[in-house]
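Everything below concerns the one structure shown next.
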Amino acid sequence: MTLNIKNSLFFKTFTVVGFVCFLSCGDDYVPKPKAELRLEYPEAQYVEDHLDLPFSFNVNTLAQNIEVSEVPSSAKSFGVNLEYPSMKGTIFLTYKAIGGDKKNLNDFLRDAQNFTQKHTIKADEIPVTAYENKQRKVYGAFAEVKGNVASPAQFYVTDSVNHFLTGSLYFYAKPNYDSILPAAHYLQKDIKHIMESLRWE
């Protein structure tokens, strides 16, 4: 009687184990990769800004909470923040008056270029594109910083005599190049449009 119970228990255990082994045979289980959320944004609509500044440009209607602040260390320096809440990003603009001083221009150029070069440690690549509009006297460069960096785009423009403007893009999240790429590309187009529509006052 005891033997039959043991045999019966052994048989049931063997059957369950065999069934599990049978189910586990075949193709190896491969976990699905994490899916990235596909982000699509509306087509950009640009309007002229109404900011009382030494320059003007066209701004995307998606930009909200536009803040202008005067830099206390200099009488003719201004900061402008263009916030994009739906993308959790901000384009920071900084204007500095050259005042006809070539030393100021050289210092501003060096600072702008050094700021971009600081990202070379973490950047995979930093392609830089020169920009020139002789009619409006706007000369500068746009840098796309590829990789897990804090700022995926920067630019500067100047008329080489009186005005100097720099800009940089930041997101309110830990840098993850793949996840912010759609928003980064969208806002990089906005930066380029700022450069192309810029007028010195």
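Inside the range 150-167, can you point out the residues that are free of Cβ contacts under 8 Å to residues at least 40 places away in the same chain and crowded, with 21+ Cβ neighbours inside 10 Å? Outline the logic, then answer.
To start, the set of residues in the range 150-167 that are free of Cβ contacts under 8 Å to residues at least 40 places away in the same chain comprises 150-153.
Result: Pro152, Ala153.
Does Asn176 meet the test of being closer than 19 Å to Gly79 by Cβ and either surrounded by fewer than 17 Cβ atoms within 10 Å (Cβ to Cβ) or without any contact (Cβ under 8 Å) to a residue 40 or more places away in the chain (or both)?
Numbers: closer than 19 Å to Gly79 by Cβ: no; either surrounded by fewer than 17 Cβ atoms within 10 Å (Cβ to Cβ) or without any contact (Cβ under 8 Å) to a residue 40 or more places away in the chain (or both): yes.
When the stated conditions are applied, Asn176 does not pass them.
Being under 19 Å from Glu70 (Cβ atoms), touching a Phe, Trp or Tyr at 6+ places or on another chain (Cβ under 9 Å) and either among the hydrophobic types (A, V, I, L, M, F, W, C) or not in a strand (DSSP E or B) (or both) is the filter here; which residues of the range 84-110 pass it?
Kept after step one, since they are under 19 Å from Glu70 (Cβ atoms), are these residues of the range 84-110: 90-99, 104, 108.
Now restrict to residues that are touching a Phe, Trp or Tyr at 6+ places or on another chain (Cβ under 9 Å): 90-98, 104, 108.
The answer is Ile91, Phe92, Leu93, Ala97, Ile98, Asn104, Phe108.
Can you name the condition, by its number, that Tyr170 falls short on among (1) part of a helix (DSSP H, G or I); (2) in contact with a Gly (Cβ under 7 Å, 6 or more places away or on another chain); (3) not aliphatic (A, V, I, L, M)?
Only one criterion in (1) part of a helix (DSSP H, G or I); (2) in contact with a Gly (Cβ under 7 Å, 6 or more places away or on another chain); (3) not aliphatic (A, V, I, L, M) is unmet by Tyr170, namely (1).
May I ask you to verify whether Pro42 is part of a loop (DSSP other than H, G, I, E, B), under 45 Å from the mean Cα position of the chain (by Cα) and at pLDDT 60 or above? Even if it seems obvious, please write down each step before you answer.
Values: part of a loop (DSSP other than H, G, I, E, B): yes; under 45 Å from the mean Cα position of the chain (by Cα): yes; at pLDDT 60 or above: yes.
Criteria met by Pro42.
Residues checked against (1) surrounded by fewer than 12 Cβ atoms within 10 Å (Cβ to Cβ); (2) farther than 22 Å from Phe171 by Cα; (3) in contact with a helix residue (DSSP H, G or I) (Cβ under 9 Å, 6 or more places away or on another chain); (4) touching a residue at least 60 places away in the same chain (Cβ under 8 Å):
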residue: Asn60; (1), (2), (3), (4): no, no, yes, yes
residue: Val80; (1), (2), (3), (4): no, no, no, no
residue: Glu83; (1), (2), (3), (4): no, no, no, no
residue: Phe92; (1), (2), (3), (4): no, no, no, yes
residue: Phe115; (1), (2), (3), (4): no, no, no, no
residue: Lys134; (1), (2), (3), (4): yes, yes, no, no
residue: Tyr139; (1), (2), (3), (4): no, yes, no, no
residue: Glu144; (1), (2), (3), (4): no, no, yes, no
residue: Asn148; (1), (2), (3), (4): no, no, yes, no
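Among the residues of the range 104-113, is there at least one that is touching a helix residue (DSSP H, G or I) at 6+ places or on another chain (Cβ under 7 Å) and of a type outside the set (Gly, Ala, Ser)? Lay out the reasoning, then the answer.
Of the residues in the range 104-113, the ones touching a helix residue (DSSP H, G or I) at 6+ places or on another chain (Cβ under 7 Å) are none.
No; the residues of the range 104-113 include none that is touching a helix residue (DSSP H, G or I) at 6+ places or on another chain (Cβ under 7 Å) and of a type outside the set (Gly, Ala, Ser).
The values are calculated or read from the model by the stated rules, or taken from the named source; none is laboratory data. Because the structure is predicted, anything quoted here is derived from the model rather than measured. Ideal geometry is used to build each Cβ from the backbone, glycine not excepted, and the neighbour counts take in all protein chains shown.
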